[in-house]
Every structure is written in structure tokens, then in C-alpha cells.
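Asks: Below are the C-alpha cells for one structure; questions will follow.
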Amino acid sequence: MTKWLRENRQMVIRVAGSLLALVLLLILIQEEGDGELFSALRRVSLLYFFLALLVLLVSRMFAATRWYILLRSAGVDISLLRAIMLMFTGNFSSNFLPSTIGGDVVRLGGAMQMGYDRAICLASLVVDRLIGMAGMILALPLGLVPFLSLNNGLMQSVTLAGLFQKGLDFAKRTLEAFSIWLKRPAGLGGALLATLGNQIFIYLMIYLLLFGIDHRLSFWLVAGMYTLTYFVTLIPISINGLGVQELSMAFLLVQLGGLTSSESATIALLMRVLFILTSLPGAFFLPSILAAMNDKRNDPAVQ
């Protein structure tokens, strides 16, 4: 048992972190009673919910376009349709498969199955992540300024500064991944524009959910709150941010948005539901990709 815990320490930590965050979220809900949560859920307009779903699907298209631009600018002859297919498959695997099989691993396996260059595809996934982070860093002041205005702002600034420094360290360690694209600034610029489109539509999804429960918050405040949540979920203490995303978003909606605990929990939970729903198209493509990955792993010629 001890040996198993050592070998799977990271997974154990992430499972425990997810459970702890979910328990804390339940405690937050209990402060106003379970009935308040169900009452808030019933208030959600189905029209705004489906509009939010549509908007989030558009954001997924922008995310796929970002990766597509990076691959094409590096000389990979991939179609936009295939990039979208692999993106959805990766999102699905992140939501439904064990943490040892991440979305990027599935995307890479799928790209290799289609015959694309492994080294370039691997580098593109790293750069794809970094550009996504760069876009969020651009939006970080939108959440950081109102967040630091809360009580204990000094302690919070120290915490966020630590997170920001970790992000910078990660960017420095992976700078070599940009070697292909530094000679192709148009590719990097196009990818950054795509990631900004992705972010805007994610913010709009949350904005519409808030409309669905008759709350009017500034779009830029919504953007700032989600951006802060994004950086919190970068801490590897949960599975795909499960629990941590919901807890941090619920906390910010209460503290900065003025929502009740039940209303904030409703928005946080619906966000998770929408992210899961928009990943479901990837289930159609996943079996063939996993089978191909398994065949390559068992092929003596590649060992």
C-alpha cells in the first residue's frame, strides 16, 4: 500500500484536493441551506443557459483555431476540421478520463495517428498552452485590482504574486518550444488573437449565466473573476481543476459580485456542466485515437 501511494502520490494529492474543495463548496452552500441552491437553480433561464452553451462552443472553436494556426505556421498540413476534432477529443478526455491520460496526450496521440510530425505537434501543444496563459495574463489586472481591494489584500497579493512567479518560471523553462515560431511572428500573432477570442466568449458565457438569474455585473469584472480562477486552477492539487474552480469562482462571485452563496454556487456548478457538455463531441473520436495510441505503444518497432 505504501509503495502504491508513493508511485501514485500526485494522483492521490489531486483526488484529495478535489474532494476537499468540493467539501468546502458544500459547506459554503450549507450556510444558506440546500433549499436556496435549488431555488437559485430553478431561477436560471433556459434561454440564457442554451445561449451560454452556444457561446462556449464558439470559444472552443477559437481554441481549436489557435492550435491550428500554430500547426499550419510550423508547416504541418492539417485541416481546421481535424484540429477541431482533436481539440474536442482532448477536452473530453480531460473531463472523463483518469488524470494520467490528459487532453494534450490524447491530442498528441491523435495527431500522430494522422501521420503528423511528432516533434512539431508536441512543441505546438506547449506553445498552445503558453499562448493561452499569455492571454490570461493580459486580462489578469481586470480581476487583480478589485481582488486586492478586499480585506487582507497584502496576504492575497503575496499569494497571487507567488502564483504569477510560478507562471513566469514555467514560461522560462519552456521558452525553447518557441524556437519554431519565433521566425514566424504572424503565426504567434494569429494564435494570440484566437486565444483572445476564446477568452471573450468564455467570459460571455458566464455573463449570460448571470443574466439567467437576473444579475447584471460588469463584463470586465466577470472577465477578471474568471481569469483569477484560471490561475488558481493551475495549482496541481485537483483533477482538471475539479472543485477548485467551483470553489474559487463561487468565492469571487460572493466577494466581488455581491451574489449570495447559493447563487454563486449555482453559477459555478453550471459553468462546470457547460464545459462538460461542450466536450461531449470528442467522445465520438476518442475510441479510435486511444486504440491507435495503444497499438503504437505495443509495436516493437517503436520501442
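Asks: Report the gain in length on full extension from residue 260 to residue 105: 0.36 nm times residue separation, minus Cα-Cα distance, nm rounded to one decimal. Let's see the in-between values first.
Replies: Details: separation 155, 0.36 × 155 = 55.80 nm, distance 3.90 nm.
Using 0.36 nm per residue and subtracting the Cα-Cα distance, I get 51.9 nm.
Asks: I would also like to ask the following. Got a sec to turn the phi values of segment 83-89 into Karplus ³J(HN,Hα) couplings, 6.51 cos²θ - 1.76 cosθ + 1.60 with θ = phi - 60°, whole Hz, x for Gly and Pro?
Replies: Each residue of segment 83-89 in turn: 5, 5, 4, 5, 5, 5, 5 Hz.
Asks: If I model a spin label at residue 182 and residue 45 as a point 7 Å from the Cα along the Cα→Cβ vector, what separation in nanometres do I get?
Replies: 5.0 nm
Asks: Now a separate question. Per residue of segment 210-220, in order, report the coupling 6.51 cos²θ - 1.76 cosθ + 1.60 (Karplus, θ = phi - 60°) as ³J(HN,Hα) in whole Hz, putting x for Gly and Pro.
Replies: Computed from phi, the couplings for segment 210-220 are 5, 4, x, 10, 6, 10, 10, 10, 4, 4, 6 Hz.
Asks: Additional query: Arranged by the count of other C-beta atoms within 10 angstrom, fewest first, what order do 235, 180, 69 take?
Replies: Least to most surrounded, the residues fall as 235, 180, 69.
Asks: Residue by residue through segment 131-148, what is 3J(HN,Hα) from phi via Karplus (6.51 cos²θ - 1.76 cosθ + 1.60, θ = phi - 60°)? Round to whole Hz and write x for glycine and proline.
Replies: 5, x, 5, 4, x, 5, 4, 4, 8, 4, x, 4, x, 5, 5, x, 5, 6
Asks: Around residue 256, which amide H atoms from residues at least 5 apart in sequence, or from another chain, sit under 5 Å from its own amide H, with H modelled in the peptide plane?
Replies: none
FYI, it's all coordinate maths here, none of it is from the lab. For clarity, every value in this text was computed on a predicted model and none was experimentally measured. Here the Cβ is made from the backbone with ideal geometry for all residues, glycine too, and neighbour counts use every protein chain on show.
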